[in-house]
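Peer 1: Take a look at this one; I'll ask things after.
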Amino acid sequence: MSPVVHEPADAAIARLAPGEWPAVSVIVPAYNAEAYLREALESSVMQTVPPIEVIVVNDGSTDGTGAVADDVAREHATVRVIHQENGGPAVARNTAIAAATGEYLAFLDADDAMAPDRVEYQVGYLLAHPGTDVVIGAVERSAESGVQLDAEFLKHEMLAEEFADGINLMAMTARASAFASLGLFDPSYRLSEDYHWLVRAHRRAVTIALVPRVVGRRRLHEGNVSSAVDEVRHQMFRVLREHIHEQRGS
């Protein structure tokens with residue numbers, strides 16, 4: 001297995017001159033995120049080290065998500081929009097990864113936002129640590145007014161902290177080569193596909209660094225607080241069961 005490296009928040013990074021940074025693709029799956037998508041995309045475009053492209057996949061949304069994505073793409077040449085039938089987050093991310101041209105992939109959810117220096121810091125970290133394939137940062141949680149954080153949701157958050165070290169895909173940047181060698185997200189996981197991929201990565205000598213520097217804001221709203229908590233928990237335990245079976249079989 002590969003190591004999981006726990007770094008301090010001020011871990012060393014490489015600092016390059018403008019024009020010397022490698023190409024970075026931002027991956028944004030979007031489903032019914034009309035109210036939040038513009039902020040997510042603009043936070044990606046307006047980085048201190050801008051990505052070469054921001055690929056947003058409208059995954060069969062039934063609201064105005066596709067129109068918002070198209071509007072932002074007309075305003076910012078680096079934003080590319082792909083419209084497809086609904087297949088779930090794993091399928092949407094896989095579509096974007098397949099279309100990406102960057103050497104590095106930064107992941108973001110459509111209802112969240114990047115810190116302004118996220119690309120600079122996380123890609124700078126990977127450049128300074130050539131033996132590391134994936135870096136995951138910390139996120140701030142921001143609850144919308146009126147959102148009730150009930151006991152089930154809080155229990156779910158505690159479970160994620162315990163079993164997944166607080167890992168959240170919206171705070172992950174990886175070398176594209178890691179996906180080329182390991183493969184894409186498993187579409188049979190409608191939820192927790194990120195956790196499943198990272199467990200696979202850990203077993204396949206992909207080095208993962210956890211750096212507790214805040215690189216984005218996770219928005220808590222009715223759509224993600226109240227939906228599918230039980231299903232997420234079920235799929236996280238599915239990952240653990242599969243991991244245990246693989247260990248026993250190896």
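Peer 1: Which is surrounded by 16 or more Cβ atoms within 10 Å (Cβ to Cβ), farther than 26 Å from Gly137 by Cα and under 19 Å from the mean Cα position of the chain (by Cα), of Thr95, Thr65?
Peer 2: One residue alone meets the criteria, Thr65.
Peer 1: Mind checking which residues of the range 1-46 are under 16 Å from the mean Cα position of the chain (by Cα) and among the polar types (S, T, N, Q)?
Peer 2: Residues satisfying the conditions are Ser25, Ser43, Ser44.
Peer 1: Taking Val123 as the residue in question, decide whether it is crowded, with 22+ Cβ neighbours inside 10 Å, in a strand (DSSP E or B), over 13 Å from the mean Cα position of the chain (by Cα) and of a type in the set (A, V, I, L, M).
Peer 2: Here the answer is no, as Val123 does not meet what is asked.
Peer 1: Hey, could you check the range 24-43 for residues that are acidic (Asp, Glu) and touching a helix residue (DSSP H, G or I) at 6+ places or on another chain (Cβ under 9 Å) and say which is farthest from Gly124 (Cα to Cα)?
Peer 2: Glu34
Peer 1: When you check Thr101 against the structure, is it out of contact with any Ser or Thr (no Cβ under 8 Å at 6 or more places or on another chain), modelled with pLDDT of 95 or more and of a type in the set (S, T, N, Q), yes or no?
Peer 2: It is false that Thr101 is out of contact with any Ser or Thr (no Cβ under 8 Å at 6 or more places or on another chain), modelled with pLDDT of 95 or more and of a type in the set (S, T, N, Q).
Peer 1: Turning to a different aspect of this structure: What do you reckon, is Phe179 outside any helix (DSSP H, G or I), modelled with pLDDT of 75 or more and either out of contact with any Asp or Glu (no Cβ under 8 Å at 6 or more places or on another chain) or crowded, with 21+ Cβ neighbours inside 10 Å (or both)?
Peer 2: Spelling it out, it is not the case that Phe179 is outside any helix (DSSP H, G or I), modelled with pLDDT of 75 or more and either out of contact with any Asp or Glu (no Cβ under 8 Å at 6 or more places or on another chain) or crowded, with 21+ Cβ neighbours inside 10 Å (or both).
The values are calculated or read from the model by the stated rules, or taken from the named source; none is laboratory data. Just so it is clear, the structure is predicted and the values come from calculations on it, not from any experiment. As a convention, Cβ positions derive from the backbone with ideal geometry for all residues, glycine included, and neighbour counts pool all protein chains shown.
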